[in-house]
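Before any comments, here is the structure.
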Amino acid sequence: MQVSVDVYSEKASCERLLSVHRWTDKLLTFRTTRPAGYRFTAGQFARLGLEIDGEIVSRAYSITSAESEDELEYYAIVVPDGKFTTRLDRLQPGDAVWVEKLSYGFMTADRFTDGRQLWMLATGTGLGPYLSILQQEDVWRKFDDLVVVHGVRNRAELAYADRFAALAARAQAQGLPARLHYLKSVTREPGGEGVLEGRITTLLRDGGLEQATGLVIDAAQSRFMACGNPEMVTEVREIFRERGMTPLRRTGGGQFVTEDYW
Ligand SMILES: Cc1cc2nc3c(=O)[nH]c(=O)nc-3n(C[C@H](O)[C@H](O)[C@H](O)COP(=O)(O)OP(=O)(O)OC[C@H]3O[C@@H](n4cnc5c(N)ncnc54)[C@H](O)[C@@H]3O)c2cc1C
Ligand SMILES: NC(=O)c1ccc[n+]([C@@H]2O[C@H](COP(=O)([O-])OP(=O)(O)OC[C@H]3O[C@@H](n4cnc5c(N)ncnc54)[C@H](OP(=O)(O)O)[C@@H]3O)[C@@H](O)[C@H]2O)c1
């Protein structure tokens, strides 16, 4: 979406880039100031705007920070020739980043009213929402098992691995009951120690995810989130349906909720 700065400033707040951490030449974590009064639920996304050639170009970004943090954090890929991300890649701390005043999205853990396992499937930057969700204590009390599956092309793209270890350690220290299973998988090089090989969809179908966690997936206990590549999302929805699962409904019932990134 592209709009004039004047029009955009009615619904967005002009914030500042605080920091950028580069995981690879095209994967980065960045933080901005948080608009006064900004509210979101872990799992939701912000809409961010950058001024490019006198107009605002806006894009959706999942929030990776905790609901209570003073700053907002996001995990992003620089898309080849991407309008927004080519500019994002060049920003320096202190530069302006517009943040729309409303938060968006329905992929939040509080929507699940039952189930014992929460599976959080992500390709690439689709990991973002789970980083926020796992910083909320509620989810660690609500489920027995929390499973993050991060599928990427190459090992270097397995960002945030240390963060998951820290989250698990913190939860244990706080006596929070859930167990965290953090699974990594690569598709374009050998996995090596502790890293699975193959697409998430393949590992779902052939039982690789169940084997790696020791959990059994079934409609009564398992709840799913899937986020990232839209083709992955479409395929996992098909797999869930084949297993008798349905999308989460506002009126109750259902096992999965998904988010396409493009
Ligand atoms: C609900 C929602 C949440 C999103 N959250 C994030 C996020 O947290 N982090 C993030 O990096 N992006 C996220 N995106 C994608 C983001 O909004 C932009 O599409 C992305 O920044 C590219 O914008 P661009 O103008 O640079 O490229 P464009 O010129 O708009 O290029 C779009 C193309 O880039 C590719 N692409 C876009 N996003 C991704 C991606 N994340 N990973 C791999 N390929 C991609 C696809 O091939 C797509 O067709 C989200 C999108 C949606 C709809
Ligand atoms: N320049 C180009 O020609 C070109 C082409 C493609 C992408 N790109 C860019 O490269 C970047 C790719 O980003 P990315 O690697 O984070 O995202 P990605 O292409 O979505 O890949 C992330 C992971 O998702 C897997 N995946 C893809 N489709 C799937 C499906 N249908 N089911 C299950 N898993 C699936 C991939 O497996 P696989 O390795 O098996 O695909 C990979 O492990 C984007 O910026 C994109 O625009 C560029």
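The values are calculated or read from the model by the stated rules, or taken from the named source; none is laboratory data. All of these numbers come straight from a predicted model, not from anything done at the bench. Virtual Cβ from ideal backbone geometry, glycine too; neighbours counted across all protein chains shown. These area figures cover heavy atoms from the full protein model, side chains too; ligands, DNA and RNA do not enter into them. Shrake-Rupley method; radii C 1.70, N 1.55, O 1.52, S 1.80 Å.
I'd like the chymotrypsin sites (Phe, Trp or Tyr not before Pro) in region 79-135 restricted to DSSP loop residues with at most 16 other Cβ atoms within 10 Å, sorted by number.
Numbers: sites: 84, 98, 104, 106, 112, 119, 130; in loops: 106, 112.
The qualifying sites are 106.
Compute the FRET efficiency between residue 156 and residue 69 as 1/(1 + (r/R0)^6), taking r as their Cβ-Cβ distance and R0 = 25 Å, and round to the nearest 0.05. It comes out at approximately 0.40. So for region 2-100, considering every pair of alpha-carbon atoms, how many percent are separated by more than 20 Å? Everything past 20 Å amounts to 32 percent.
Work out the length of the dipole vector of the chain about its Cα centre, built from +1 on the beta-carbon of each Lys and Arg and -1 on the beta-carbon of each Asp and Glu, and round it to the nearest 20 debye. Kindly include the intermediate steps, with their values, before the conclusion.
Numbers: 32 positive and 36 negative charges, 70 e Å.
Here the chain has a charge dipole of around 340 debye.
3J(HN,Hα) couplings calculated from phi for region 94-106 with the Karplus curve 6.51 cos²θ - 1.76 cosθ + 1.60 (θ = phi - 60°) are, in sequence order, x, 5, 7, 9, 7, 10, 5, 6, 9, 9, 9, x, 10 Hz; Gly and Pro show x.
By how many nm would the segment from residue 9 to residue 22 lengthen if fully extended, with 0.36 nm per residue of separation less the alpha-carbon distance? Intermediate values should be presented prior to the final figure.
Values: separation 13, 0.36 × 13 = 4.68 nm, distance 2.93 nm.
Length gained, residue 9 through residue 22: 1.8 nm.
Relative contact order for region 146-262: 21 percent, from Cα pairs under 8 Å spaced at least 6 residues apart, divided by residue count. Give the shape of region 82-206 as rounded, prolate or oblate, defined through the alpha-carbon gyration tensor: a ≥ b ≥ c are the square roots of its eigenvalues, a/c under 1.5 means rounded, and otherwise the shape is prolate if a/b is larger than b/c and oblate if not. Oblate, since a/c reaches 1.5 and b/c is not below a/b.
Enumerate the lysines that residue 142 could reach by cross-link, defined here as Cα to Cα under 28 Å, with residues fewer than 8 away along the same chain left out. Correct list for residue 142: 184.
At the residue level, residue 52 shows approximately 20 square angstrom of accessible surface with a 1.4 angstrom probe and all protein chains present. Relative to the longest principal axis of the Cα atoms of the chain, the long axis of helix 230-242 makes an angle of roughly 30 degrees. Compared with the dominant Cα axis of the chain, that is its longest principal axis, helix 161-173 is turned about 70°. Coordinate range of the alpha-carbon atoms in the chain per principal axis, descending: 53, 42, 38 Å.
Just the accessible area per residue of the chain, please: how many Å² with a 1.4 Å probe? The partial results should precede the final answer.
Values: 12310 Å² over 262 residues.
Result: 47 Å² of accessible area for each residue.
Result for the chain in a Gaussian network model with C-alpha springs under 10 Å: among 94, 54, 105, the largest mean-square fluctuation is at 54.
Couplings 3J(HN,Hα) of region 216-229, computed from phi: 10, 8, 8, 5, 6, 9, 9, 10, 10, 10, 9, 8, x, 4 Hz, in residue order, whole Hz [Karplus 6.51 cos²θ - 1.76 cosθ + 1.60, θ = phi - 60°; x for Gly and Pro].
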